[in-house]
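*Asks:* Sharing a structure with you now.
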Amino acid sequence: MVERPDDQPERDPRSAELADRLAVVRKRIAAAAGEAGRSGNLPSLIVVTKFHPAADIRRLAALGVTDVGENRDQEAAAKALELADLKLGWHFVGQLQTKKARSVARYAAAVHSVDRPQLVDALAKAVRNEMDSSGRAQLECFIQVSLDDDDGGTHRGGAAPADVPLLAERIAGADGLKLAGVMAVAPLGAPPGPAFEKLAAVSALLVAAHPGAGAISAGMSQDLEAAIKFGATHLRIGSDILGSRPAVG
């Protein structure tokens, strides 16, 4: 058999599609970072893989993706177990019930939706137990901040900005938890820029009290440019990389 110098296995169509989509998003991130004067400080990309099969995550890993996000514990736990050989960073990005803390502590490197003291306490207990049994690392915790005005509209979740300092103290004082920073989802039906500017101000106050908690998890497919402009360090991108969610058979 004569080998070709560039002989490599041909990608399946889905892998090729994901590679193209991923390249487009990475170009958008680089362009937005350049516009914001952050060319040497690109935010981390978390690919939100909810509703998509584990096979797609394996394809993404082959394309260099190292961090994935999920928002339902049952789905995330199953995928993390199936893909344990990939050593991915699993980020829980959805609303989390306290009764799910024990399960999330088994696989998640970070939780981006910490919004109340009871959840802090549940996660701390679960992580400490998991540290004792498996030796897992600390769990990174992002405080989810509500950027919605109290006008009766759709609420995207999160703690009020005024509640952030107390939550931060609770996380920082909990064994097994690491205060990473803040997270938010831009309000529906409004320009994202002012909301992310507000989040940046909340982050600055947090960092003044907790210098190591400067992470800002913000920006999705439709608003990543605005998030980068206002300092996002972690982006949560789903549909622009994976496309529409698969039809349920």
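*Asks:* State all residues of the stretch 56-77 that are touching a residue at least 24 places away in the same chain (Cβ under 8 Å) and among the hydrophobic types (A, V, I, L, M, F, W, C); if no residue qualifies, say none.
*Replies:* Result: 57, 60, 61, 62, 63, 65, 76, 77.
*Asks:* Okay, next question. Scan the stretch 59-110 residue by residue and report those that are closer than 23 Å to residue 12 by Cα, open to solvent by 30 Å² or more (accessible area, probe 1.4 Å) and more than 17 Å from the chain's Cα centre (by Cα).
*Replies:* Within the stretch 59-110, 59, 62, 63, 82, 84, 85, 86 meet the criteria.
*Asks:* Now for a different question. Report, by residue number, each residue of the stretch 102-129 that is of a type in the set (Gly, Ala, Ser) and closer than 11 Å to residue 139 by Cα.
*Replies:* Residues of the stretch 102-129 of a type in the set (Gly, Ala, Ser): 103, 105, 108-110, 113, 122, 124, 126.
Within the stretch 102-129, 105, 108, 109, 110, 124, 126 meet the criteria.
*Asks:* Return the residues of the stretch 38-54 that are touching a residue at least 24 places away in the same chain (Cβ under 8 Å) and open to solvent by 50 Å² or more (accessible area, probe 1.4 Å); say none if nothing qualifies.
*Replies:* Taking the stretch 38-54 as the starting set, the residues that turn out to be touching a residue at least 24 places away in the same chain (Cβ under 8 Å) are 38, 43-54.
44, 50, 51, 53 - these are the residues of the stretch 38-54 that are touching a residue at least 24 places away in the same chain (Cβ under 8 Å) and open to solvent by 50 Å² or more (accessible area, probe 1.4 Å).
*Asks:* Would the stretch 15-33 turn up any residue that is within 18 Å of residue 226 (Cα to Cα) and outside any helix (DSSP H, G or I)?
*Replies:* The initial filter retains those residues of the stretch 15-33 that are within 18 Å of residue 226 (Cα to Cα), namely 24-33.
Still in the running and outside any helix (DSSP H, G or I): none.
No, the stretch 15-33 contains no residue that is within 18 Å of residue 226 (Cα to Cα) and outside any helix (DSSP H, G or I).
*Asks:* Then there is this: I'd like the residue in the stretch 163-192 that is under 15 Å from residue 145 (Cα atoms) and small (Gly, Ala, Ser) and, out of all such residues, is farthest from the chain's Cα centre (by Cα).
*Replies:* The qualifying residue farthest from the chain's Cα centre (by Cα) is 168.
*Asks:* Restricting to the stretch 182-204, give me the number of residues that are over 20 Å from residue 172 (Cβ atoms) and either among the β-branched types (Val, Ile, Thr) or open to solvent by less than 20 Å² (accessible area, probe 1.4 Å) (or both).
*Replies:* Of the residues in the stretch 182-204, 5 are over 20 Å from residue 172 (Cβ atoms) and either among the β-branched types (Val, Ile, Thr) or open to solvent by less than 20 Å² (accessible area, probe 1.4 Å) (or both).
*Asks:* Within the stretch 205-249, restricting attention to residues that are of a type in the set (Val, Ile, Thr), open to solvent by 10 Å² or more (accessible area, probe 1.4 Å) and not in a helix (DSSP H, G or I), which residue is nearest to residue 47 (Cα to Cα)? Outline the logic, then answer.
*Replies:* Here is the first cut: in the stretch 205-249, the ones of a type in the set (Val, Ile, Thr) are 207, 216, 228, 233, 237, 241, 248.
Filter once more, so that each one left must be open to solvent by 10 Å² or more (accessible area, probe 1.4 Å): 207, 216, 233, 248.
Still in the list and also not in a helix (DSSP H, G or I): 216, 233, 248.
Working: 216: 16, 233: 14, 248: 21 Å.
Checking each candidate, the answer is 233.
*Asks:* Report every pair of residues separated by at least 6 positions or lying on different chains whose Cβ atoms are under 6 Å apart, first residue within the stretch 220-249 and farther than 19 Å from residue 14 by Cα, second part of a loop (DSSP other than H, G, I, E, B) and open to solvent by 20 Å² or more (accessible area, probe 1.4 Å).
*Replies:* Listed by first residue and then by second, the contacts come to 228/36; 229/36; 236/93; 236/220.
*Asks:* Please enumerate the residues belonging to the stretch 66-111 that are of a type in the set (Asp, Glu) and under 17 Å from residue 180 (Cβ atoms).
*Replies:* If we filter the stretch 66-111 for residues that are of a type in the set (Asp, Glu), which is where we start, we get 67, 70, 73, 75, 82, 85.
Result: 67, single match.
*Asks:* Let me ask something else about it. In this structure, does residue 202 turn out to be in a strand (DSSP E or B) and of a type in the set (A, V, I, L, M)?
*Replies:* Details: in a strand (DSSP E or B): no; of a type in the set (A, V, I, L, M): yes.
No.
The values are calculated or read from the model by the stated rules, or taken from the named source; none is laboratory data. In this text, all values refer to a predicted model and were calculated from it rather than measured experimentally. Glycine gets a Cβ as well: all are built from the backbone with ideal geometry, and neighbour counts include every protein chain shown. Please note that ligands, DNA and RNA were not included when accessible areas were found on the heavy atoms of the full protein model with its side chains. Shrake-Rupley method; radii C 1.70, N 1.55, O 1.52, S 1.80 Å.
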